[in-house]
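Worksheet: one structure, shown below.
The values are calculated or read from the model by the stated rules, or taken from the named source; none is laboratory data. Given the structure is predicted, the values throughout are model-derived calculations rather than measurements. Ideal geometry is used to build each Cβ from the backbone, glycine not excepted, and the neighbour counts take in all protein chains shown.
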Amino acid sequence: MHLIRRLPALLAAIVLAWAPAAPLVFPTAAHAQAPAADAAKPAEAAAQPAEAPKPPPAPPQASKEKETIENPYGLEALWKQGDFVSKGTLIILVIMSMGSWYIMFVKVYEQFKLFREAAKVKASFWSSGSVAEGAASMKDGSPFKFIAESALEAQKHHEGKLLETIDYNEWVTMGIQRAVDNVGSRLQDGLAFLATVGSTAPFVGLFGTVWGIYHALTAIGIAGQASIDKVAGPVGEALIMTAFGLAVAVPAVLAYNWLVRRNKVAMEHLRGFAADLHLVVVSGSAKKARA
């Protein structure tokens, strides 16, 4: 019975022995308000409007005016820094080039007109009633009209003591041949200039090259050192002159060969027309003589 009475006390001692050592602490009123205040701070932060981010600083505005850098080795510098020899050489090359291109366009236009007249003569001249009528239907300045009028002139003026000794056939042939040769020489006008430019322009440019190299050597001798700034200008001038000479000569040579070939075709049309015209004039005069 004594043990039974002491059993609750023993159980309480066992429970206290196994319980946590830290005492239980109950929060006071001050501690209870602190969490509430901490919880209210995020709400107030959310309620306040967020501050707008500051814009990044604007980059400095680029200057609208672009800086222009002059090329000290260009064509403008060549003209300003060159002496009278280099300028004279450049002017000669420009004149050669302008003359060559002018002759090219003029000769091509003349040949185009001649080929067009050849087509018209082939289509309409031989259907005319007479040589005079056919010649009158041609345009003024046409080489075919000139040949036809020369044949008529030879046909009319075969008279006089000196001309009577010449055979009529040979006289008409000579008159037509003179007209054909005259037209052929007119077709050759300007081609000699193209040939001259094509053969001499490279040497004119080479002269400018030699003069530019001479300036380069002079600049090196004055400066006492072969620095690039002393040599670049004169050497660039020399190379430009060489390029100009080739640029003038190559088109002139190509145009000369092409125009000569077209002149040969044109002369074939003229000689064929002259031969047929000679037969018509001689045969017509023979018929009149027999009549």
* Structure fact -> The one condition Phe244 fails out of (1) over 30 Å from Ser142 (Cβ atoms); (2) modelled with pLDDT under 85 is (2)
* Take region 266-283 and flag every residue that is out of contact with any Leu (no Cβ under 6 Å at 6 or more places or on another chain) and in contact (Cβ under 8 Å) with a residue 40 or more places away in the chain. => Met267, His269, Leu270, Arg271, Phe273, Ala274, Asp276, Leu277, His278, Val280, Val281, Val282
* **Evaluation of Glu76 against (1) assigned to a helix (DSSP H, G or I); (2) modelled with pLDDT under 85; (3) of a type outside the set (Gly, Ala, Ser); (4) surrounded by 12 or more Cβ atoms within 10 Å (Cβ to Cβ) (one fails), failing number** => (4)
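Condition check ((1) among the acidic types (Asp, Glu); (2) touching a residue at least 24 places away in the same chain (Cβ under 8 Å); (3) over 27 Å from Phe273 (Cα atoms); (4) touching a helix residue (DSSP H, G or I) at 6+ places or on another chain (Cβ under 8 Å)) across all residues:
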residue: Ile95; (1), (2), (3), (4): no, no, yes, no
residue: Ala118; (1), (2), (3), (4): no, yes, no, yes
residue: Ser150; (1), (2), (3), (4): no, yes, no, yes
residue: Lys156; (1), (2), (3), (4): no, no, no, no
residue: Ser199; (1), (2), (3), (4): no, yes, yes, yes
* Counting only residues that are under 13 Å from Ala274 (Cα atoms) and hydrophobic (A, V, I, L, M, F, W, C), how many does region 122-134 have? -> 3
* Does region 220-239 include one or more residues that are modelled with pLDDT under 80, buried (at least 19 other Cβ atoms within 10 Å of the Cβ), under 28 Å from Ile92 (Cα atoms) and among the hydrophobic types (A, V, I, L, M, F, W, C)? -> yes
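Quick one: which residue in Phe203, Phe207, Phe193 is closer than 30 Å to Phe105 by Cα, of a type in the set (Phe, Trp, Tyr) and modelled with pLDDT under 90? Step through it out loud before you land on a result.
Numbers: Phe203 fails: modelled with pLDDT under 90; Phe193 fails: modelled with pLDDT under 90.
Exactly one of Phe203, Phe207, Phe193 is closer than 30 Å to Phe105 by Cα, of a type in the set (Phe, Trp, Tyr) and modelled with pLDDT under 90, namely Phe207.
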